[in-house]
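Heads up: the structure comes next, in structure tokens.
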Amino acid sequence: QVQLVESGGGLVQAGGSLRLSCAASGSRFSITSMGWYRQAPGKQRDVVAEITGRGTTNYADSVKGRFTISRDNAKNTIDLQMNNLKAEDTAVYYCNTAPVLYPWGQGTQVTVSS
């Protein structure tokens, strides 16, 4: 069983930046593709960014050029650097494997004021 703990969310003005972090337990982390997901009020949860065990990344079109996903296999963490934030980025952000295999954590709230 993998446990996921997200942190780093907050309130930021449009155009600002935040860095999210996810700590994951599990011995197979380094070879597991991971992703950041988000869910805005009244909307479904969607993938934002993914990263393979080797570091290959993929992004949703809405965040390309603004968000960067990274991982530290020694620490079992993945980060999401979010720049030039927009009001439409407001959501609860979650991490999980890609594809999703484990129960969701509590997520971290990101609120972007316009």
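Okay, here's what the table says:
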{"item": "Carbon and sulfur %, accessible surface of the chain computed with the full protein complex present, 1.4 Å", "result": "47 percent"}
{"item": "Under 22 Å from Lys43, Cα to Cα: lysines that are on another chain or at least 8 residues apart", "result": "Lys64, Lys86"}
{"item": "1.4 Å probe accessible area per residue over the chain, in Å²", "result": "54 Å²"}
{"item": "Paramagnetic reach from Asn58 (point 7 Å along Cα→Cβ, amide N under 12 Å) across region 78-114", "result": "98-100"}
{"item": "Which of Glu6, Glu88 is most accessible, then next, and so on - probe 1.4 Å", "result": "Glu88, Glu6"}
{"item": "Cα shape, region 74-113, gyration tensor, a/c 1.5 rule", "result": "prolate"}
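The values are calculated or read from the model by the stated rules, or taken from the named source; none is laboratory data. Since the structure is predicted, the reported quantities are computational estimates derived from the model, not experimental observations. Cβ sites come from the backbone with ideal geometry, for glycine too, and all protein chains shown count toward neighbours. Only protein heavy atoms, including side chains, enter the accessible area calculation; ligands, DNA and RNA are left aside. Shrake-Rupley method; radii C 1.70, N 1.55, O 1.52, S 1.80 Å.
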